[in-house]
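Here the structure is laid out as structure tokens; the discussion comes afterwards.
The values are calculated or read from the model by the stated rules, or taken from the named source; none is laboratory data. If you're wondering where the values come from, they're calculated on a predicted model, not measured in any experiment. Here the Cβ is made from the backbone with ideal geometry for all residues, glycine too, and neighbour counts use every protein chain on show. Keep in mind that these areas ignore ligands, DNA and RNA; they rest on the heavy atoms of the full protein, side chains included. Shrake-Rupley method; radii C 1.70, N 1.55, O 1.52, S 1.80 Å.
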Amino acid sequence: MSDWTERLPEPALAYLDGRRVDEVECIVSDLPGIARGKAVPAAKFARQDYFHLPDSIFYQTITGDWGEAAGEDGFIERDMILRPVMETATAAPWTADVTLQVIHDAFDRNGEPIGCSPRNVLKRVVELYRKEGWEPVVAPEMEFYLVARNIDPAKKIEPMMGRSGRPAAARQAYSMTAVDEFGPVIDDIYDFAEAQGFEIDGITQEGGAGQLEINLRHGDPLLLADEVFYFKRLIREAALRHDCFATFMAKPIADEPGSAMHIHHSVTDIETGKNIFAGPAGGDTDAFFHFIGGLQKYLPSVIAVLAPYVNSYRRYVRGTAAPINLEWGRDNRTTGIRIPLSSPAARRVENRLTGMDANPYLAFAASLAAGYIGMTQAVRAEAQFRGDAYETDESIPRDFGTALDLFDEAKEMHAVLGEEFARVYSIVKRTEYEEFLGVISPWEREHLLLNV
């Protein structure tokens, strides 16, 4: 066994089980969360300490266009240095040969982290916590749809056909029968996850037709973001094996609920390992209320990160399990910020705003950044909300343009997430928004063509 394979984590070694690696996929997340990189023979990977990709991958929109984000020197596409993070090495079990994936970190020619790399943005925020003596902890919930194959963008998305031969039904939340309808896909998801060393905390049927939720165990934000990044590809590959698509769009089907990535947060003291949201007698601490206060005050400025596309804002509809404001409540799923039932040691704050279409690195970073500013500036939370938060006023942006305006004005948030990231993100996302505004929708043709 060569030296580089001896550095692999245990799940990757178990996947190999004495077999020879054929290929290594060297990857990095771009702004949308798409894996970019190179597939190289294992022998070449063993010889290289790094590889190059142009920095322009971070200037690319979801449509493949380019944001004018290169800066004063123009669009010259400088090479970045991509170095492997070997503890992220994992299987690509859907491939025909023996393939590993390895996430890489991005640096410039001087060895400095590339500021607009999503993984670097999250690392920056986590380091700010650690400088305060805190260890941030997250637990994501991933919602997604399994839908019928759709190769025509003009055609509406439809639920997939279940094993019974009937389309997936809506309003069957937590139904085990509904979960069984997708049994073959779920079996492959479990098998792929096991091969990659990921621990699934549970799979449930959600309220939409063909909508599922996967919960992951709580842990280090960077490791969990790596897992969500990997999971999106894993789930897509499992679906393709069964003639359906997995989609992480925030609102893929008009009359069905949207898909969220709820993020549970807690913070521990590095020295004691204790949850700083709970006091010695189990009561709520100032840090707990300040974290909530930070989310209430600063999440609106980063909704453009948590809800990064025009489609994302179709999810925020009253009464559809998606928030319309930033009230907070205990065991209340109508509020944007929920405090789940738990023991004091497991006390946590759930951000229910984030869409499943968000980049996990950036979503975790933005949410943690809001809580960080709240704790460091002692931002006091508003009074706990009791009742149905859908009966109150909306207090979050309802369109992407407004969200981007709030992001551009958020100088305190830029300082935490990084000025270079804020600059590039705004330019790329405004380019996407302008592209969308250039498209005439079927609704406009149907209702305006002959009537106005």
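Things to note:
- Overall form of the chain per C-alpha gyration tensor (a/c, 1.5; a/b vs b/c): rounded
- F229 accessible area, 1.4 Å probe, all protein chains in place, Å² to nearest 10: 10 Å²
- Global form of the range 314-445, assessed from the alpha-carbon gyration tensor, a/c cut-off 1.5: oblate
- Taking 0.36 nm per residue of sequence separation and removing the Cα-Cα distance, the D405/T285 pair yields an extension gain of 39.8 nm.
- When each of the peptides 132-138, 351-357 is scored by the mean number of other C-beta atoms lying within 10 Å of its residues, the order from highest to lowest reads 351-357, 132-138.
- By average C-beta atoms within 10 angstrom, highest first, the peptides 95-108, 209-222, 270-283: 209-222, 95-108, 270-283
- Largest to smallest in accessible area, the residues T204, T90 fall in the order T204, T90 (1.4 Å probe, all protein chains included).
- Table column - 3J(HN,Hα) (Hz), the range 279-291, Karplus curve with 6.51, -1.76, 1.60, x for Gly and Pro: x, x, 9, x, x, 6, 9, 4, 4, 4, 5, 5, 4
- Evaluating 6.51 cos²θ - 1.76 cosθ + 1.60 at θ = phi - 60° for every residue in the range 310-326, the Karplus couplings come out as 4, 5, 4, 7, 6, 6, 7, 10, 3, x, 10, 6, 10, x, 10, 7, 10 Hz, glycine and proline recorded as x.
- Here is how the number arises for the chain: DSSP H runs of 4 or more residues each give -39500 (n - 2.57), the sum is divided by the residue count, and the result at 222 nm is -10000 deg cm²/dmol.
- Close amide-amide hydrogen proximity is noted between V21 and no other residue 5 or more places distant or on a separate chain, at a cut-off under 5 Å (H modeled in the peptide plane; Pro and chain starts excluded).
- For the chain, the antiparallel share of DSSP beta bridges with both residues in that region comes to about 85%.
- Between N215 and R330, the C-beta separation translates, for a Förster distance of 25 Å, into a calculated FRET efficiency of about 0.80.
- Rolling a 1.4 angstrom probe over the chain with all protein chains present gives an accessible area of which 50% lies on carbon and sulfur atoms.
- Pairs from the list K123/K429; K297/K411; K232/K297; K38/K156 with a Cα-Cα gap above 24 Å: K232/K297; K38/K156.
- Inter-centroid distance (Cα atoms) of the range 202-258 relative to the range 356-384, Å: 23 Å
- Two-site FRET efficiency, R19 against I151, from Cβ-Cβ distance with R₀ of 45 Å, rounded to 0.05: 0.80
- Per residue, the solvent-accessible area of the chain (1.4 Å probe, heavy atoms of protein chains only, all protein chains present) comes to 44 Å².
- Under the shape rule built on the C-alpha gyration tensor, where the axes satisfy a ≥ b ≥ c, the range 1-156 is rounded, since a/c falls short of 1.5.
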